[in-house]
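Everything on this sheet refers to the single structure shown next.
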Amino acid sequence: MAELQEVQITEEKPLLPGQTPEAAKTHSVETPYGSVTFTVYGTPKPKRPAIFTYHDVGLNYKSCFQPLFQFGDMQEIIQNFVRVHVDAPGMEEGAPVFPLGYQYPSLDQLADMIPCILQYLNFSTIIGIGVGAGAYVLSRYALNHPDTVEGLVLINIDPNAKGWMDWAAHKLTGLTSSVAEMILGHLFSQEELSRNSELIQKYRNIVTHAPNLENIELYWNSYNNRRDLNFERGGDITLKCPVMLVVGDQAPHEDAVMADSGGQPQLTQPGKLTEAIKYFLQGMGYMASSCMTRLSRSRTASLTSAASIDGSRSRSRTLSQSSESGTLSSGPPGHTMEVSC
């Protein structure tokens, strides 16, 4: 696989006083559906998968995941895993605008680019963390390549194709709203947008003034043309790996969990999400209980999880209850952990 680009960069801001910035390498490789850029942090760890992220529409890997991976207690995780952050085509910093008439890859084709990345890096397995459109891409990849995915953290995933009512509402909204406004409505709830907090102002500026807004619109269109993943609990079409489903507490469909819910927990609640990810990894056998930090000892009543094996949606067990023993039973392979942040 031919390498197109390799540059040495570092994180702009160290997280903790005296902390050495992580070295990173950014690569671009050709795939059957065009070039894709990804950034690698750390070095591969023996017998451990890579953490592999995929961002949502309107963002790139930095704007989507940097607050989470720069969070202090997350350092305990990233010390133990090499991680790969993928930028969807045309979303990387400094990306040129695609020429008029360019056919942007479908979400299924974006998933089909992932084997080229893993082949180039010589990585055999991953733990995926995806948000929105990125969660869909990783889910599609996991359905097609189950032996290479050890676990998935899916934030605000909508596995369903748009129905006729959704299409009508989308077309009507498009007559009165800009692409940037529609994408912001996808990323955040209306309540969050109306409050116009400093975070919302920051991300409104990122999306509205993006120099590659034409590229972002192409990714947005691919997301809106996605196919139904056809998940079946206990059926033939299902994710074979452990899955953690995450939804923000500002989401209008929190109880459904797998819904296009808005809100960005990795931006607004990095501490709670870090704790949940640690328990998830611990259940997979990668985080010993002795490694759990002060987060695992906190009483986080609002962070609720469930081990959903038989399709039940009981929320009777919380992370704060489980923290007394330092473990959270994850069940057999294929279990689902549901988290509301």
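The values are calculated or read from the model by the stated rules, or taken from the named source; none is laboratory data. What you are looking at is a predicted structure, and each value in this text was computed from that prediction instead of being measured. Note that we place each Cβ from the backbone using ideal geometry, even for glycine, and neighbour counts take in every protein chain shown. Remember, those area values only see protein heavy atoms, side chains included, never the ligands or the DNA or RNA. Shrake-Rupley method; radii C 1.70, N 1.55, O 1.52, S 1.80 Å.
Among the residues of segment 187-207 satisfying the criterion of being within 20 Å of the chain's Cα centre (by Cα) and not charged (D, E, K, R), which is nearest to GLY58 (Cα to Cα)?
VAL207
Can you tell me which residue among TYR61, TYR120 is surrounded by fewer than 22 Cβ atoms within 10 Å (Cβ to Cβ), in contact with a strand residue (DSSP E or B) (Cβ under 9 Å, 6 or more places away or on another chain) and either free of Cβ contacts under 8 Å to residues at least 40 places away in the same chain or of a type outside the set (Gly, Ala, Ser) (or both)?
TYR120
Do we find that GLN66 is under 24 Å from ASP228 (Cα atoms), outside any loop (DSSP other than H, G, I, E, B) and open to solvent by 40 Å² or more (accessible area, probe 1.4 Å) in this structure?
It is false that GLN66 is under 24 Å from ASP228 (Cα atoms), outside any loop (DSSP other than H, G, I, E, B) and open to solvent by 40 Å² or more (accessible area, probe 1.4 Å).
What residue, of VAL36, VAL29, is among the aliphatic types (A, V, I, L, M), over 19 Å from the mean Cα position of the chain (by Cα), open to solvent by less than 10 Å² (accessible area, probe 1.4 Å) and modelled with pLDDT of 95 or more?
The conditions single out VAL29.
Please pick out the residue among ASN80, ASN60 that is at pLDDT below 95 and among the polar types (S, T, N, Q).
Just a single option satisfies the conditions, and that option is ASN80.
Identify the single condition in (1) open to solvent by 10 Å² or more (accessible area, probe 1.4 Å); (2) under 24 Å from MET244 (Cα atoms) that LEU100 does not satisfy, given that it satisfies every other one.
(2)
Pairs under 6 Å by beta carbon, first residue within 17 Å of GLN266 (Cβ to Cβ) in segment 72-97, partner surrounded by 19 or more Cβ atoms within 10 Å (Cβ to Cβ) and among the aliphatic types (A, V, I, L, M), six or more apart or different chains?
ASP73/LEU295; PHE81/ILE51; ARG83/ILE51; VAL84/VAL40; VAL84/ALA50
Does LEU229 qualify as being among the aliphatic types (A, V, I, L, M), in contact (Cβ under 8 Å) with a residue 24 or more places away in the chain, in a helix (DSSP H, G or I) and out of contact with any strand residue (DSSP E or B) (no Cβ under 9 Å at 6 or more places or on another chain)?
It is false that LEU229 is among the aliphatic types (A, V, I, L, M), in contact (Cβ under 8 Å) with a residue 24 or more places away in the chain, in a helix (DSSP H, G or I) and out of contact with any strand residue (DSSP E or B) (no Cβ under 9 Å at 6 or more places or on another chain).
Within segment 39-58, how many residues turn out to be in a strand (DSSP E or B) and open to solvent by 10 Å² or more (accessible area, probe 1.4 Å)?
Selection size over segment 39-58: 1.
Checking TRP164 against (1) at pLDDT 85 or above; (2) of a type in the set (Phe, Trp, Tyr); (3) more than 22 Å from the chain's Cα centre (by Cα), which test does it fail?
Against the list (1) at pLDDT 85 or above; (2) of a type in the set (Phe, Trp, Tyr); (3) more than 22 Å from the chain's Cα centre (by Cα), TRP164 comes up short only on (1).
With respect to GLY94, is the statement that it is open to solvent by 20 Å² or more (accessible area, probe 1.4 Å) and farther than 19 Å from CYS64 by Cβ true?
No, not satisfied.
Residue under question is MET74, and the condition is that it be of a type outside the set (Lys, Arg), at pLDDT below 95, touching a Ser or Thr at 6+ places or on another chain (Cβ under 6 Å) and surrounded by 16 or more Cβ atoms within 10 Å (Cβ to Cβ); does it hold?
Here the answer is yes, as MET74 does meet what is asked.
Go over the candidates ALA111, ALA135 one by one and state the one that is touching a strand residue (DSSP E or B) at 6+ places or on another chain (Cβ under 7 Å), modelled with pLDDT of 95 or more and open to solvent by less than 40 Å² (accessible area, probe 1.4 Å).
ALA135
Scan PRO89, PRO159 and give me the residue that is at pLDDT 95 or above, of a type outside the set (Gly, Ala, Ser), within 18 Å of the chain's Cα centre (by Cα) and assigned to a loop (DSSP other than H, G, I, E, B).
Exactly one of PRO89, PRO159 is at pLDDT 95 or above, of a type outside the set (Gly, Ala, Ser), within 18 Å of the chain's Cα centre (by Cα) and assigned to a loop (DSSP other than H, G, I, E, B), namely PRO89.
Residue-by-condition table, conditions (1) among the aliphatic types (A, V, I, L, M); (2) open to solvent by 50 Å² or more (accessible area, probe 1.4 Å); (3) under 16 Å from ASP158 (Cα atoms); (4) out of contact with any helix residue (DSSP H, G or I) (no Cβ under 9 Å at 6 or more places or on another chain):
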| site | (1), (2), (3), (4) |
| --- | --- |
| ALA180 | yes, no, no, no |
| GLU198 | no, yes, no, yes |
| TYR203 | no, no, no, no |
| ASN215 | no, no, no, yes |
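Within segment 138-162, track down each residue that is among the small types (Gly, Ala, Ser) and open to solvent by 30 Å² or more (accessible area, probe 1.4 Å). Spell out how you get there, then give the answer.
In the first step, residues of segment 138-162 are kept if they are among the small types (Gly, Ala, Ser); the result is 139, 142, 151, 161.
Selection gives ALA161 alone.
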